[in-house]
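Asker: Shown below is the structure under consideration.
The values are calculated or read from the model by the stated rules, or taken from the named source; none is laboratory data. This structure is a prediction, so every number in the text was calculated from the model and none was measured. A quick note on method: Cβ atoms are made from the backbone with ideal geometry, for glycine too, and the neighbour counts reach across all protein chains shown.
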Amino acid sequence: MQRKLTSYENVMENFLPAFRFRAAGIMASEYKINQQLSANLLGVTQASINKYLNGRVSDKVKQTGLRIDADSVRAFIKDAESGNTRGAKRWVCKMCQSYRSFNCSLIIK
């Protein structure tokens, strides 16, 4: 029997890769943000951004990523680019909560 993931594990294994996939695509296509800046804003390596942009992720990540609200991702990008890290983190929490209804102890108030 597979054990149930904790809130933290669920976010790390399911939501964040999908969010990064979605955000990297929007950053590149709509904002023309280069891979290194995208990596800095998302807290990953440039190689990870390259992987997301070239679709070298699982089908689950792709499907989940495409369900994440694009307007919320754009709001995250705006806050992240302007240095409003608290606002950016709040957008991530909001998107994560709407992606999965689970009780998360990681919510940023």
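Asker: Within the stretch 60-78, track down each residue that is surrounded by fewer than 14 Cβ atoms within 10 Å (Cβ to Cβ) and either of a type in the set (Phe, Trp, Tyr) or closer than 17 Å to VAL11 by Cβ (or both).
Answerer: Selection gives LYS60, ARG67.
Asker: Oh, and also: Being basic (Lys, Arg) and part of a helix (DSSP H, G or I) is the filter here, so list the residues in the stretch 8-49 that pass it. Break it down stepwise before answering.
Answerer: Of all residues in the stretch 8-49, those basic (Lys, Arg) come to 20, 22, 32.
Listed by number, the residues that qualify are ARG20, ARG22.
Asker: Can I ask one more? Any residue that is polar (S, T, N, Q), exposed (fewer than 11 other Cβ atoms within 10 Å of the Cβ) and either modelled with pLDDT of 95 or more or not in a loop (DSSP other than H, G, I, E, B) (or both) - is there at least one of those in the stretch 50-59? Can you show your working first?
Answerer: Here is the first cut: in the stretch 50-59, the ones polar (S, T, N, Q) are 50, 54, 58.
Within this subset, residues satisfying the condition of being exposed (fewer than 11 other Cβ atoms within 10 Å of the Cβ) are 54.
From what's left, either modelled with pLDDT of 95 or more or not in a loop (DSSP other than H, G, I, E, B) (or both): 54.
Yes, that holds for at least one residue.
Asker: Scan the stretch 60-100 residue by residue and report those that are closer than 18 Å to GLU30 by Cα, modelled with pLDDT of 95 or more and part of a loop (DSSP other than H, G, I, E, B).
Answerer: none
Asker: Going through GLU30, GLU81 one at a time, which residue ends up being in contact (Cβ under 8 Å) with a residue 12 or more places away in the chain, touching a Phe, Trp or Tyr at 6+ places or on another chain (Cβ under 9 Å), farther than 19 Å from TYR99 by Cα and surrounded by fewer than 17 Cβ atoms within 10 Å (Cβ to Cβ)? Please lay out each step first, then the result.
Answerer: Details: GLU30 fails: touching a Phe, Trp or Tyr at 6+ places or on another chain (Cβ under 9 Å).
Residue meeting the stated conditions: GLU81.
Asker: Among what's in the stretch 1-22 and is over 8 Å from the mean Cα position of the chain (by Cα) and in contact (Cβ under 8 Å) with a residue 60 or more places away in the chain, pick the residue that is farthest from GLN35 (Cα to Cα).
Answerer: Residues of the stretch 1-22 over 8 Å from the mean Cα position of the chain (by Cα): 1-14.
Next, from what is left, pick out any that are in contact (Cβ under 8 Å) with a residue 60 or more places away in the chain: 7-8, 10-11, 14.
Values: SER7: 29, TYR8: 27, ASN10: 26, VAL11: 23, ASN14: 22 Å.
In this case the residue turns out to be SER7.
Asker: Looking at the structure I just gave you, is ALA18 surrounded by 14 or more Cβ atoms within 10 Å (Cβ to Cβ) and not polar (S, T, N, Q)?
Answerer: Numbers: surrounded by 14 or more Cβ atoms within 10 Å (Cβ to Cβ): yes; not polar (S, T, N, Q): yes.
Answer is yes for this residue.
Asker: Just to be sure, is SER72 among the polar types (S, T, N, Q), under 17 Å from TYR99 (Cβ atoms) and without any contact (Cβ under 8 Å) to a residue 40 or more places away in the chain? Give the steps one after another, and end with the answer.
Answerer: Working: among the polar types (S, T, N, Q): yes; under 17 Å from TYR99 (Cβ atoms): yes; without any contact (Cβ under 8 Å) to a residue 40 or more places away in the chain: yes.
Criteria met by SER72.
Asker: Can you say whether GLU9 is closer than 16 Å to MET95 by Cα and either out of contact with any Leu (no Cβ under 9 Å at 6 or more places or on another chain) or not aliphatic (A, V, I, L, M) (or both), as far as the supplied structure shows? Spell out how you get there, then give the answer.
Answerer: On the way: closer than 16 Å to MET95 by Cα: no; either out of contact with any Leu (no Cβ under 9 Å at 6 or more places or on another chain) or not aliphatic (A, V, I, L, M) (or both): yes.
Answer is no for this residue.
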